[in-house]
Structures are given as C-alpha cells and as structure tokens.
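Trainee: Starting off with a structure, shown below.
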C-alpha cells in the first residue's frame, strides 16, 4: 500500500452529511469535511469528491413504493447536486477553490462534466465535486466514484462512512460483528459485504483502484487515510 497519495477521490455518502440528525445537511459535518479537504490540499494532494444524495432522497426507496425507477433515480441525482452545492459553499468559506461538475447539464449552477476539464481543474489546485451521479438511472454514486476514479486516474477512493470499516454484519445492529482490516475485491463480491454495489466493485477490480473505508465522524480520519496511515479497511488486489 502506498504511503500517501497524489490524486484521490473522496466518496461521501449523503447519510454521512446528515450527521447525527439522520436527514438533511448537518452544517458541522460540512465544516469538518471542508477543513480536512483544505488540509489535504495543503499537502499538495489533488482532490475530487463524489457525494451521494441519501440524506435527501433515495431512488431505490422511491421505486420500492411504486415510482418509476428511472424517475426515482433522476430525483436522487438532483439530490446529489444539492449536496454538492452545499459542499462547494463550505469549502469556499475555507478559501478552497472549488468547481462542481454535473453529469446532468444545469449551466446556471454547475459546469458540465468533461473529463479533461476536471483533470485541468485539479492540476490547477481546485477541488472538483462530481454531481448528478453518472447522469444515468440504475447506477449508484458508488459506481460514479469508481468510474470517475478510473477516468481521472485517481490513486485511491476514500470511502467515508458512518462506521470505522467493513464488517461481516452491521455493527450498528450487531455488537458481535467482526471488522476486516484488509479485503480483496473478490472478497467484497463473494461475501456480499455491502461496501459498494457489484458494478462499482467490478470497476475498481478491473482498473486496480484500491479503496479505504473509514469513519467520517472521527475528525482527522480523512487526513490519516490520504497519508496512507493504517485506518479502517483497505480493499485491493492482494
């Protein structure tokens, strides 16, 4: 495992942004993420963010209630744009230059996603936030993170969650749940561990993109992960 990374994707779940309140956007969580991203930039790390929308709307939940799946997923994509704009505002309050690139064109509030433009922004020291998923229904924001990581040649995906790694069952419900320190992509797929969906896991495996799953709620964890310190669960080829 590399000790420190040059270009990273930080994947934030929408639920993580909700903090303790469980839904909506917790401003103290935005501030915590913004501070840590600013510190990452001060280390010279190029940073891109992918954010989910589950704190506002979950497409799968909508479709399970009888809504058309594509419509529900598009609503979820729009929820990620709301979160992306909130993160952009928080980062700019900490004087971090930020650009939101949306897979669904909405030119009044975000730039369209163009791979070369995203890389150029990062090379200039700007933080890039990828919004609106892949722009297609039936694909999760985990798949977005894997796809964008491959496109921009990121060294690692940092998956910030509400738990401190990957367990064999939900540690919030089962106090006997066992934590894994290291896993392979095949382990994730075969054991159905719920780290990310199979499409995302396969993309990471095919493109040899490692993942680090860790707890966002502990301040300083993002920096520990980006420095290559042992934290959470590492997922890779070996």
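Every number here is computed from the coordinates shown, using simple stated rules; none is lab data. As the structure is a computational prediction, the values presented were derived from the model and not from experiment. Glycine also receives a Cβ, built like all others from the backbone with ideal geometry; neighbour counts cover every protein chain displayed.
For (1) touching a residue at least 40 places away in the same chain (Cβ under 8 Å); (2) touching a helix residue (DSSP H, G or I) at 6+ places or on another chain (Cβ under 9 Å); (3) part of a strand (DSSP E or B); (4) surrounded by fewer than 23 Cβ atoms within 10 Å (Cβ to Cβ), each residue gets a yes or a no:
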position	(1), (2), (3), (4)
11	yes, yes, yes, no
15	yes, no, no, yes
25	yes, yes, no, yes
50	yes, yes, yes, no
61	no, yes, no, yes
66	no, no, no, yes
75	no, yes, no, yes
78	yes, no, no, yes
84	yes, no, no, no
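Trainee: I'd like the full set of residues that are under 13 Å from residue 112 (Cβ atoms) and either out of contact with any strand residue (DSSP E or B) (no Cβ under 8 Å at 6 or more places or on another chain) or part of a loop (DSSP other than H, G, I, E, B) (or both), limited to the stretch 124-140. Before the answer, list the steps.
Mentor: Let us first name the residues in the stretch 124-140 that are under 13 Å from residue 112 (Cβ atoms), namely 128, 130-132, 135.
Residues satisfying the conditions are 132, 135.
Trainee: Restricting attention to the stretch 141-153, report how many residues are touching a strand residue (DSSP E or B) at 6+ places or on another chain (Cβ under 8 Å), surrounded by fewer than 21 Cβ atoms within 10 Å (Cβ to Cβ) and closer than 14 Å to residue 201 by Cβ.
Mentor: Selection size over the stretch 141-153: 0.
Trainee: Anything in the stretch 98-135 that is without any contact (Cβ under 8 Å) to a residue 40 or more places away in the chain and out of contact with any helix residue (DSSP H, G or I) (no Cβ under 8 Å at 6 or more places or on another chain)? List them, or say none.
Mentor: Residues satisfying the conditions are 105, 107, 108, 112, 113, 114, 116, 117, 120, 121, 124, 126.
Trainee: Shifting gears a bit: Could you tell me how many of the residues in the stretch 164-191 are assigned to a loop (DSSP other than H, G, I, E, B), surrounded by 15 or more Cβ atoms within 10 Å (Cβ to Cβ) and in contact with a strand residue (DSSP E or B) (Cβ under 6 Å, 6 or more places away or on another chain)?
Mentor: 2
Trainee: I need the full set of residues from the stretch 197-212 which are outside any helix (DSSP H, G or I) and touching a residue at least 60 places away in the same chain (Cβ under 8 Å), in order please.
Mentor: Residues of the stretch 197-212 outside any helix (DSSP H, G or I): 197, 207-212.
Result: 207, 209, 210.
Trainee: Still on this structure, please answer the following. With (1) surrounded by fewer than 19 Cβ atoms within 10 Å (Cβ to Cβ); (2) under 30 Å from residue 74 (Cβ atoms); (3) touching a strand residue (DSSP E or B) at 6+ places or on another chain (Cβ under 9 Å) as the list, and residue 21 as the residue in question, which single condition is left unmet?
Mentor: Failed condition: (3).
Trainee: Take the stretch 35-48 and flag every residue that is outside any helix (DSSP H, G or I) and in contact (Cβ under 8 Å) with a residue 60 or more places away in the chain. Break it down stepwise before answering.
Mentor: Our first condition is that a residue be outside any helix (DSSP H, G or I); within the stretch 35-48, this holds for 43-48.
Once the filter is applied, which keeps residues that are outside any helix (DSSP H, G or I) and in contact (Cβ under 8 Å) with a residue 60 or more places away in the chain, the stretch 35-48 yields 43, 45, 46, 47, 48.
Trainee: Oh, and also: Run down 194, 228 and say which single residue is assigned to a loop (DSSP other than H, G, I, E, B) and more than 12 Å from residue 159 (Cβ to Cβ). Before the answer, list the steps.
Mentor: Details: 194 fails: more than 12 Å from residue 159 (Cβ to Cβ).
Among 194, 228, only 228 is assigned to a loop (DSSP other than H, G, I, E, B) and more than 12 Å from residue 159 (Cβ to Cβ).
Trainee: Please work out which one of (1) part of a loop (DSSP other than H, G, I, E, B); (2) closer than 20 Å to residue 127 by Cα is the condition residue 32 fails and give its number.
Mentor: For residue 32, the exception is condition (1).
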